[in-house]
């Protein structure tokens, strides 16, 4: 595409989408998670998301972006973009993803905008993981784990899926906005952390009331709005794919929220506030890999399936197996991500991607390979990093600190009761 120039409309759109994705973490996830933990741990989990935003931003600049998107091998990017030094030249030129390699993707936006948009994805992924081990991880262990995980897990999977050189990209995996890279990665890492750390003190025995459900509702609303940018920004500009991604994301979120209601009523004869919020998030998780590839009717089906599957994972499977995924990172993001990745292989509409993505057994097989590879790699590497951090600074807080609450134990501050 010789002669491609920066398009101001495309650039503005992707910038706005990046800001919307950042809003999903701060303040969206800050409020969503903060409202669901116990009063004694609210400030700690809010602080975790805020500091993750800062730590991953710097990590992405230093090496994360380069490992994910700089030219390299099918498995990992190189170091040519470390410290973003490559922006010194061509900073005001249109960006070509995978320049110099087969399948390079010219864009009508500058590289700085692409770096920022992808940075916001790298930020929210480990922030989601914190919901699985809420109330029981040391703060310094969190920092070490997040930085190491971004480098050793997130960046390689992003390279596999989104770099033209990545082996899953070359295989033909269809993942529009992060079903594998963000959702399955976050869900599997969360489950691994929850299993390794063990249950919270008193889990299954003591009451663990949510601090402020209204706060969680506000956070979920911010996530819903932000997710429209999350999925549509992956189009790389203001175009037909972006418009469709906005529409199907809205429909999948609605379908996921609505599907939760009759299932919960049939199961418990009561309705909860957090239930449809969870179903709506599950619907958005599941549509993420399919957002640019499916039509509205398929999006409704994906949302319904995700809401129902997440309900079963959270209310039945987790209860029977007894693991303590505190805020259901795996039940929502892991399960929803898997459904979305597989559904893309069933529901994708070929003309939306110039015929490259065609629903059928072949594409479903590719989707399954991508899903399994992400689960195995993320689970294994996360477990290894947990062991390494545990051996160096230790992972879990003491029983006394957990009972007291992380706010008082580590921050020296607590919420006022007045």
Here the residues within the stretch 31-54 that are farther than 17 Å from residue 149 by Cα, under 18 Å from the mean Cα position of the chain (by Cα) and buried (at least 23 other Cβ atoms within 10 Å of the Cβ) are 31, 32, 33, 34, 45
Query - Yes/no for residue 99 being within 23 Å of residue 169 (Cβ to Cβ) and either touching a strand residue (DSSP E or B) at 6+ places or on another chain (Cβ under 6 Å) or not in a helix (DSSP H, G or I) (or both) - result: yes
Right, residue 285: in contact with a helix residue (DSSP H, G or I) (Cβ under 6 Å, 6 or more places away or on another chain) and more than 27 Å from residue 200 (Cα to Cα) or not?
no
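Residue-wise test of (1) more than 13 Å from residue 377 (Cα to Cα); (2) crowded, with 21+ Cβ neighbours inside 10 Å; (3) in contact with a helix residue (DSSP H, G or I) (Cβ under 8 Å, 6 or more places away or on another chain).
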residue	(1), (2), (3)
147	yes, no, yes
159	yes, yes, yes
166	yes, yes, yes
170	yes, no, no
173	yes, yes, yes
180	no, yes, yes
193	yes, yes, yes
Note: among 73, 112, 89, 57, just one is surrounded by fewer than 19 Cβ atoms within 10 Å (Cβ to Cβ), in contact (Cβ under 8 Å) with a residue 60 or more places away in the chain and farther than 21 Å from residue 144 by Cα, namely 73
Flagged in the stretch 254-269 as touching a residue at least 24 places away in the same chain (Cβ under 8 Å) and either closer than 20 Å to residue 36 by Cα or surrounded by fewer than 16 Cβ atoms within 10 Å (Cβ to Cβ) (or both), in numbering order, are 256, 257, 260, 264, 267
Of the conditions (1) buried (at least 18 other Cβ atoms within 10 Å of the Cβ); (2) more than 30 Å from residue 404 (Cβ to Cβ), the single one that residue 16 does not satisfy is (1)
Of the residues in the stretch 1-49 that are touching a strand residue (DSSP E or B) at 6+ places or on another chain (Cβ under 8 Å) and not in a helix (DSSP H, G or I), the one that is modelled with the lowest pLDDT is 1
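The values are calculated or read from the model by the stated rules, or taken from the named source; none is laboratory data. Everything quoted here is computed from the prediction, not taken from an experiment. We place every Cβ from the backbone using ideal geometry, glycine too, and count neighbours over all the protein chains shown.
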